[in-house]
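Below is one structure, written out as structure tokens, with a few remarks after it.
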Amino acid sequence: MIMSVRTVLAAAILAVMQFGTSCSAETIRVAAQKTGTLAWELAVIRSHGLDKKANLSIDVVELASPEAGKIALRSGTADVMVSDWPWVSRERSLGAKLQFYPYSSALGAVMVPAASPVKTLADLKGRKLAVAGGAIDKNWLLLQAALKQDGVDLKSQATIVYGAPPLLAAKTLGGEMDATLNYWNFCAALEAKGFRRLAGMEEILQKLGSKGRIAMIGYVFDEAWANANKDLVARFIAVTRAAKEILATSDAEWDAIAPLTGAQDAATRQAYRDRYREGIPRRPIADEEADARVLYRVLAQLGGRDLVGAATELDPGTFYQAIPGD
């Protein structure tokens, strides 16, 4: 596997920290759901002692939901959480100067049963489509925008059912839905059950002007805190990159974290592993930001103030750009 510049630099930072630190470890408080993908990486960090090598003490603030992470960050009980750049840009427009750093480009997909007669996205007309989230879910808005380029108004030409991701995945698996637009891990689980990817969001985003596989999800933190703790942020990013590379190259590591994934069988674990690996960000921050700027305009047009607030353009300070090699 060819390692990216950012990965090589992360390894260098860890090497320096391993042999050059003598003072007590600095603490960084990370808000994470107990069974989320961030928990997988944190487990790898602990088991390999990556935090100790980087002179870090990672204090995990366990969450019941992503919304709880936003509350933890706003209240000052967490330094870092995982969320998306549209939310960060919205918060900045409202006065909360947060910043975003890419965490994962694992994206959702439109899934159909293997034997489904649906062969293209246009074939969803007249069908029952389960959409994870709600009417202003980002994936749903972007899918609509891409299909409108082909003259398809899916919102009016299909029966749309909104709901929580696990519920809709179960209903799709049970045959109650013709297709589902869901988040990547639920799509991977359906894939392991024999479902077919009608279209991945990465393909859909390219139709809207994205030049590469964009990280929609990232680490989020307060800008002032990050500016005051640049070395701490750099070391945290370095250890998370190191954990990602372990998960990218070691199948045995997936056996070790299997209980955290919630996968009930080997096929599902393998699907999680493969889709996770595809989603490891490896692009320069400038490229990520350029694509985000293009897609933000689409989201602002379709989602309006409910999704992005008053700003029609991505806030220029949304992406954190102080990590070496980016």
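Annotation: of all residues in the stretch 33-51 being touching a residue at least 60 places away in the same chain (Cβ under 8 Å) and over 21 Å from the mean Cα position of the chain (by Cα), the one that is nearest to LEU73 (Cα to Cα) is ASP51.
I'd like the residue in the stretch 268-326 that is within 15 Å of TRP87 (Cβ to Cβ) and under 15 Å from the mean Cα position of the chain (by Cα) and, out of all such residues, is surrounded by the fewest Cβ atoms within 10 Å (Cβ to Cβ). Among residues in the stretch 268-326 that are within 15 Å of TRP87 (Cβ to Cβ) and under 15 Å from the mean Cα position of the chain (by Cα), the one surrounded by the fewest Cβ atoms within 10 Å (Cβ to Cβ) is PHE319.
Of the helices (runs of 4 or more DSSP H) lying entirely inside the stretch 256-326, those containing at least 2 residues that are among the aliphatic types (A, V, I, L, M) and under 24 Å from ALA224 (Cα atoms) span 285-308. Under the condition of being within 23 Å of MET216 (Cα to Cα) and among the small types (Gly, Ala, Ser), the residues counted in the stretch 235-261 number 4.
Is there a residue in the stretch 90-108 that is within 14 Å of the chain's Cα centre (by Cα), within 27 Å of ASP287 (Cβ to Cβ), charged (D, E, K, R) and not assigned by TED's automatic domain parsing to the domain that holds ARG127? There is no residue in the stretch 90-108 that is within 14 Å of the chain's Cα centre (by Cα), within 27 Å of ASP287 (Cβ to Cβ), charged (D, E, K, R) and not assigned by TED's automatic domain parsing to the domain that holds ARG127.
In the stretch 120-149, the residue that is surrounded by the fewest Cβ atoms within 10 Å (Cβ to Cβ) out of those that are farther than 30 Å from ASP79 by Cα and without any contact (Cβ under 8 Å) to a residue 40 or more places away in the chain is GLY126. When you scan the stretch 209-220, do you find a residue that is part of a strand (DSSP E or B), surrounded by 16 or more Cβ atoms within 10 Å (Cβ to Cβ) and not assigned by TED's automatic domain parsing to the domain that holds TRP85, even just one? No - not one qualifying residue is present in the stretch 209-220.
Please tell me if LEU181 is in contact (Cβ under 8 Å) with a residue 60 or more places away in the chain, closer than 25 Å to TYR296 by Cα and not in a loop (DSSP other than H, G, I, E, B). Here the answer is yes, as LEU181 does meet what is asked. Checked against (1) of a type in the set (Val, Ile, Thr); (2) outside the structural domain of ARG29 (by TED's automatic domain parsing); (3) closer than 30 Å to LEU147 by Cα, ILE323 passes all but a single condition, namely (3).
The values are calculated or read from the model by the stated rules, or taken from the named source; none is laboratory data. Since this is a predicted model, take the numbers as computed values, not measurements. When we count neighbours, we look across all protein chains shown, and the Cβ atoms used for this are built from the backbone with ideal geometry, even at glycine.
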